Structure formats: C-alpha cells, structure tokens
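Some notes on the structure that comes next.
The values are calculated or read from the model by the stated rules, or taken from the named source; none is laboratory data. All values derive from a computational prediction rather than experimental measurement. Every residue, glycine among them, receives a Cβ derived from its backbone with ideal geometry; neighbour counts consider all protein chains shown.
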Amino acid sequence: MQVRVTKTQTPGVMPKEKELGFGKVFTDHMLIVDWNEQIGWHDARIEPFGRISLHPASTVLHYGAEIFEGLKVYRRKDGGIQMFRPMENVKRMNRSAERMSLPQMPEKDMLNLIKKFVKLEERWVPKSFGTSLYLRPFMFGNDEALGVHAVKNATFMLIASPSGSYYAEGINPVSIMIESEDVRTVRGGTGYAKCGGNYAASTRAGERAAKKGYSQVLWLDGVERKYIEEVGAMNVMFKIDGEIVTPMLTGSILPGITRMSCIEALKSMGYKVSERLLSVDELLEALEWGKLEEAWGCGTAAVVSPIGKFAYGNKEYTVGEGKIGKVTKKLYDLLTGIQWGKKEDTFGWVYPIK
C-alpha cells in the first residue's frame with residue numbers, strides 16, 4: 001500500500017524522560033487510511049498530528065463502532081529500535097474488527113503501515129530502560145447517517161506517544177478488590193475484542209475500588225458470577241501449590257499478547273501451566289490455606305504487575321508475604337530484557353525496525 005507523506009513544518013520537542021508519563025505527549029505525525037465498501041482501503045497518508053473532523057451522525061459517536069490496539073517500540077542499548085510481536089497485535093485487531101463489523105485490513109499491509117510510521121517518528125523513541133514509544137492504532141465507523149446497519153465507511157488511524165517507565169518508583173505489589181456487582185463482559189459479547197465499550201463499562205467498578213484504597217478490581221464472569229476472568233485491564237495468573245493457573249479463553253476474556261508470551265516463557269522454564277476455569281471459591285481457599293504462592297497481572301503497559309493483596313467482602317487476604325514472587329520477577333526480567341534488547345530472544349518475538 002502506497003503512503004503519501006506530508007511532514008510537519010513545526011516539529012515538537014521531546015520532554016525530559018522523567019516527565020513523560022503515559023499518553024500525554026504525542027509525536028509529530030498521524031497515519032490515516034480510509035475505507036468504503038465500494039473500493040476498499042485507499043488514500044493512505046501520514047500527516048501532521050492534529051484534530052480530526054467528524055460528521056455529528058458518524059456511526060462511532062452513536063453506536064460505538066470502534067476498536068483499538070496498543071503496542072510499543074523499544075530503544076536498544078546500541079541505539080536501534082524494535083517492536084515486540086507486532087504481528088500478534090495486527091491479528092488481534094482484525095479479530096476485533098470482525099466482531100464489531102468493521103473492515104479487516106490485510107495483515108502485511110497493516111504491519112508495513114505501522115513500520116513506515118515508526119521509521120518516520122523514530123526520534124520520539126526514548127532511550128532509558130523502561131521507557132518506550134507507545135503506538136495506538138484504532139479504527140472507527142463514520143457513516144454519516146443514524147440508521148443501525150453494517151458499516152459502509154471507516155477510518156484506520158495510528159498515533160504515538162513517548163511514554164515513561166511504568167515502574168518509575170520500582171516494581172511493587174498492588175492491592176486488588178474482587179468485584180461482585182459489575183461485570184466487564186459476557187460470553188458471546190465483545191470481551192475478546194479490544195473495543196472502547198469494554199473499558200467504559202469497567203470504569204465504575206474501578207472507581208469504587210480506588211475509593212476504598214485498592215488499585216484495581218478482579219473481574220468475575222458475567223453468567224455465574226463465579227469464575228475469575230481478568231484483573232483491571234490485564235490478564236491474570238496465579239501460582240497455586242506449584243501450578244501456574246490462568247483463566248481459559250472463553251470468549252469473554254481478551255487474548256493478551258503478554259499473556260501468550262508469559263505462557264510460552266513459563267513452559268520453557270519447566271513450569272506446569274494450566275488454562276482452565278478458576279472459581280473465586282478455589283482462589284479464596286488457596287489463600288486461606290496458604291497455597292496461593294504468587295499472583296500477577298500481565299499486559300502491554302505494565303508487562304507484569306505483582307499482586308500482594310486481595311479483598312473480598314469485608315475480608316483481606318495477603319498473597320505470600322505481600323512481596324513480588326520469584327516466578328513473577330523471573331517473568332518480568334525475561335520479558336523486559338527481550339523487549340529492550342538486554343536478553344537474547346530465543347523465542348523469535350523481536351521485530352527490529354531497520
């Protein structure tokens with residue numbers, strides 16, 4: 001796919017890395033590709049970053065026809081840059097598009113567009129370990145009519161934000177509230193798709209948890225309110241009596257790329273990994289009997305986030321000694337080491353940008 005490039009005449013200035021934060025500073029350009037049902041994908045272009053114009057009746061504004069992805073570009077010690085399993089993000093975005101009745105883009109085309117954009121914005125990739133250039137591809141329907149129907153016009157966009165270290169103060173275990181009222185999604189719904197509605201629906205419970213002093217919520221399934229699904233906006237894993245357990249993908253859980261990588265890494269280390277249904281009762285029993293040795297969330301932003309405490313009802317439970325566990329630390333060191341080029345990639349996960 002050919003891309004028309006219009007470079008900005010007013011390039012921005014990269015803030016100091018300790019001032020970056022997340023998602024507040026944006027690079028000089030944005031990528032846009034249009035689609036309609038007659039001619040498909042067309043008019044790929046990179047333009048100066050700026051506001052976009054939408055018709056007030058655009059499909060995305062009324063019916064939530066929208067999906068997105070999140071991936072990072074890392075700076076190695078030798079100055080080169082690389083991504084981590086970007087083709088998996090491309091595949092997942094197309095699965096999300098299919099679920100939300102949005103157009104899919106050929107995988108190689110999408111990956112090449114991302115690569116061209118990253119090469120243009122390379123100076124925005126920060127240098128310190130833990131920092132990265134966060135990429136946000138997204139797609140939305142923009143039919144200029146109020147009828148509910150399959151999308152006939154859509155736009156794919158890509159913006160980027162240099163981001164600071166997630167663990168600027170060091171990696172510390174977080175406290176989690178097990179949510180018993182709201183549910184994130186249900187089987188047969190949009191749980192496996194990365195769409196904005198899933199996140200909007202989770203905000204209320206997250207705010208309730210924060211007011212009680214907890215970092216996030218542990219979600220239970222939407223049918224029986226019994227089985228563990230995700231923690232906040234991350235997948236979740238547990239070490240129970242020597243076995244690594246993570247909720248199986250039932251259609252209501254996002255198939256995380258970090259989750260997939262953790263499973264592959266853990267198996268390579270010799271751990272038994274089970275993807276299965278895990279009830280809150282089994283979790284609480286493991287906590288009561290001291291069998292829950294470690295727990296952690298995993299996702300693009302944090303990579304691995306150790307859990308030190310769970311709260312359910314009026315009772316709190318400490319995981320292990322409330323400190324980061326050995327397996328959690330191993331995973332964090334391995335994945336971040338590969339992502340920033342400090343460790344050898346024996347899995348073939350790294351995608352260099354040359």
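Would you pick out the residues in region 138-194 that are outside any strand (DSSP E or B), over 28 Å from Trp340 (Cβ atoms) and outside the structural domain of Tyr312 (by TED's automatic domain parsing)?
Of everything in region 138-194, those that are outside any strand (DSSP E or B), over 28 Å from Trp340 (Cβ atoms) and outside the structural domain of Tyr312 (by TED's automatic domain parsing) turn out to be Asn142, Asp143, Ala145, Leu146, Gly147, Val148, His149, Ala150, Val151, Lys152.
The single residue among Lys212, Lys239 that is among the charged types (D, E, K, R), touching a residue at least 40 places away in the same chain (Cβ under 8 Å) and surrounded by 23 or more Cβ atoms within 10 Å (Cβ to Cβ) turns out to be Lys239.
Please find, within region 304-354, the residue that is modelled with the lowest pLDDT out of those that are polar (S, T, N, Q) and surrounded by fewer than 18 Cβ atoms within 10 Å (Cβ to Cβ).
Filtering region 304-354 for residues that are polar (S, T, N, Q) and surrounded by fewer than 18 Cβ atoms within 10 Å (Cβ to Cβ), the one modelled with the lowest pLDDT comes out as Asn314.
Exactly one residue out of Gly222, Gly251, Gly232 is under 25 Å from Pro86 (Cβ atoms) and either under 15 Å from the mean Cα position of the chain (by Cα) or buried (at least 17 other Cβ atoms within 10 Å of the Cβ) (or both), and it is Gly232.
Here Met110, Met100 are screened, and the one residue that is touching a Cys at 6+ places or on another chain (Cβ under 8 Å) and of a type in the set (A, V, I, L, M, F, W, C) is Met100. Of the residues making up region 215-246, those that are within 13 Å of Lys272 (Cβ to Cβ) and outside any loop (DSSP other than H, G, I, E, B) are Met237, Phe238, Lys239, Ile240, Glu243, Ile244, Val245, Thr246. If you filter region 13-39 down to residues that are closer than 18 Å to Ala160 by Cβ, loosely packed, with under 13 Cβ neighbours inside 10 Å and in contact (Cβ under 8 Å) with a residue 24 or more places away in the chain, you find that the one that is farthest from the chain's Cα centre (by Cα) is Glu19. Taken over region 135-154, residues that are surrounded by fewer than 20 Cβ atoms within 10 Å (Cβ to Cβ) and either under 28 Å from Ile171 (Cα atoms) or of a type in the set (Val, Ile, Thr) (or both) amount to 2. It is to be established whether one or more residues within region 79-91 are assigned to a loop (DSSP other than H, G, I, E, B), among the small types (Gly, Ala, Ser), within 25 Å of the chain's Cα centre (by Cα) and under 25 Å from Glu107 (Cβ atoms). Yes, because at least one residue in region 79-91 is assigned to a loop (DSSP other than H, G, I, E, B), among the small types (Gly, Ala, Ser), within 25 Å of the chain's Cα centre (by Cα) and under 25 Å from Glu107 (Cβ atoms).
Report those strands (runs of 3 or more DSSP E) wholly inside region 278-340 carrying at least 3 residues which are among the polar types (S, T, N, Q), on the phi > 0 side of the Ramachandran plot and not assigned by TED's automatic domain parsing to the domain that holds Gly80.
Once the strands (runs of 3 or more DSSP E) in region 278-340 are filtered for at least 3 residues that are among the polar types (S, T, N, Q), on the phi > 0 side of the Ramachandran plot and not assigned by TED's automatic domain parsing to the domain that holds Gly80, nothing remains.
The combined condition, being touching a Pro at 6+ places or on another chain (Cβ under 7 Å), surrounded by fewer than 19 Cβ atoms within 10 Å (Cβ to Cβ) and at pLDDT 95 or above, is fulfilled by Leu111.
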